[in-house]
């Protein structure tokens with residue numbers, strides 16, 4: 001019998017396998033670094049030869065953003081500013097209600113010049129009246145002027161252990177307790193037929209879908225206050241898709257464990273934890289908003305508002321426990337962990353928002369929550385399909401819409 005083995009030897013005496021492992025005859029690590037080295041050389045040549053030096057062009061426009069303001073007392077206004085432009089800028093004058101006012105710069109080396117991407121605080125000794133809007137303008141050395149309006153100012157409480165304790169109590173009532181109360185529906189959900197259990201799962205998907213839309217709109221709105229150099233809209237898009245793909249990677253890892261015969265990975269408990277993570281990320285951003293309200297002196301969290309948050313968040317409990325309604329009941333430890341993951345981030349977000357408020361951080365946290373929730377909704381839909389249900393049945397669609405509607409109505413209590 002003739003030997004049909006394919007001869008993989010090239011003309012140079014190198015086999016095809018060796019050609020794959022040593023492209024161009026070079027070691028693999030050299031071929032991997034070669035494009036990077038050449039790119040550095042090209043960039044260096046471009047920088048030293050300056051081919052654009054003789055091109056006529058206008059000067060780059062200055063760009064200064066007032067990210068937020070704090071009011072430590074009724075005699076002081078603090079503007080938090082960032083230089084987004086490619087050139088240094090010098091702040092020459094500050095106007096408050098169309099009058100020039102004294103000021104000092106903190107955090108920029110003590111002078112009035114901000115380097116590109118540098119942030120600082122402009123402290124203005126000005127007596128303001130609570131509830132009366134303030135018009136502030138920054139005048140640069142080249143005459144460029146940047147305006148900012150402080151709406152209904154009120155004094156910021158400042159940092160204290162008492163404030164952290166207050167935020168922890170609010171977090172308990174806004175996040176932890178409502179989720180725990182909603183999880184108490186588990187025994188009733190467990191007795192439902194498959195048809196109605198699938199409806200509950202689609203109701204949970206509606207709840208999560210509302211949270212995704214609500215957080216997404218808020219993230220893009222907040223992105224408008226992000227310093228231009230950080231590209232707020234692109235940051236939101238990165239947060240959404242980054243979180244979505246990260247949760248998808250976790251899901252793919254779980255599927256690998258299922259294929260390997262791990263029975264725990266095939267249980268609904270995995271989906272329940274994913275739902276809790278998605279809700280927890282949203283509640284982290286919710287806590288960030290609460291904490292920043294304290295930091296910026298916009299404290300209006302009365303009893304009615306807390307009640308509104310509780311009504312809004314209690315529907316998140318069934319969304320967490322519905323995936324484990326079939327099969328063996330998880331231990332109380334798992335229920336406690338699910339409740340903490342979903343509800344406790346409100347406390348953490350409140351602390352972060354009160355200590356280090358930033359529109360950039362707020363928009364990014366909101367975006368992460370949106371991406372995680374979208375992927376979790378997909379997992380819930382797939383869970384229904386794998387159980388033999390039809391996602392687009394009349395009952396399931398109505399349940400999904402009911403989840404959206406209930407979240408919308410309870411959100412009105414928060415907005416009032």
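Quick notes on this one:
- Residue match in segment 212-226 (condition: at pLDDT 85 or above, within 20 Å of residue 382 (Cβ to Cβ) and assigned by TED's automatic domain parsing to the domain that holds residue 410): yes
- Unmet requirement for residue 85, which otherwise passes all of (1) at pLDDT 85 or above; (2) touching a strand residue (DSSP E or B) at 6+ places or on another chain (Cβ under 8 Å): (1)
- Flag for residue 254 being without any contact (Cβ under 8 Å) to a residue 60 or more places away in the chain, touching a helix residue (DSSP H, G or I) at 6+ places or on another chain (Cβ under 6 Å) and assigned by TED's automatic domain parsing to the domain that holds residue 292: yes
- The set of residues from segment 190-204 being closer than 18 Å to residue 383 by Cα and surrounded by fewer than 18 Cβ atoms within 10 Å (Cβ to Cβ) comprises 190, 192, 193, 194, 195, 196.
- Residue in segment 170-178 that is under 20 Å from residue 326 (Cβ atoms), buried (at least 18 other Cβ atoms within 10 Å of the Cβ) and in contact (Cβ under 8 Å) with a residue 40 or more places away in the chain present: no
- Exactly one residue among 384, 409, 376, 370 is surrounded by fewer than 14 Cβ atoms within 10 Å (Cβ to Cβ) and either without any contact (Cβ under 8 Å) to a residue 40 or more places away in the chain or assigned to a helix (DSSP H, G or I) (or both), and that residue is 409.
- Given (1) in a helix (DSSP H, G or I); (2) farther than 29 Å from residue 393 by Cβ, number of the condition residue 225 does not satisfy: (1)
- Residues located in segment 84-98, provided they are within 17 Å of residue 149 (Cα to Cα) and without any contact (Cβ under 8 Å) to a residue 40 or more places away in the chain: 97, 98
- In segment 236-248, the count of residues that are touching a residue at least 24 places away in the same chain (Cβ under 8 Å) and part of a loop (DSSP other than H, G, I, E, B) is zero.
- Filter result for the condition that a residue is in contact with a strand residue (DSSP E or B) (Cβ under 8 Å, 6 or more places away or on another chain) and without any contact (Cβ under 8 Å) to a residue 40 or more places away in the chain, over 128, 132, 101: 101
- Residue, nearest to residue 227 (Cα to Cα), within segment 71-83, restricted to residues that are surrounded by fewer than 18 Cβ atoms within 10 Å (Cβ to Cβ) and in contact (Cβ under 8 Å) with a residue 60 or more places away in the chain: 72
- When every residue of segment 241-260 is checked against the conditions, at least one turns out to be farther than 25 Å from residue 337 by Cβ and surrounded by fewer than 16 Cβ atoms within 10 Å (Cβ to Cβ).
- A single member of 142, 133 is at pLDDT 85 or above, surrounded by fewer than 18 Cβ atoms within 10 Å (Cβ to Cβ) and farther than 27 Å from residue 60 by Cβ, and it is 133.
- In segment 321-334, the condition of being within 22 Å of the chain's Cα centre (by Cα) and either in a loop (DSSP other than H, G, I, E, B) or farther than 30 Å from residue 81 by Cα (or both) is met by no residue.
The values are calculated or read from the model by the stated rules, or taken from the named source; none is laboratory data. Note that this is a predicted model, so its numbers are computed, not measured. Neighbour counts are summed over all protein chains in view; Cβ atoms, including those assigned to glycine, are modelled from backbone coordinates with ideal geometry.
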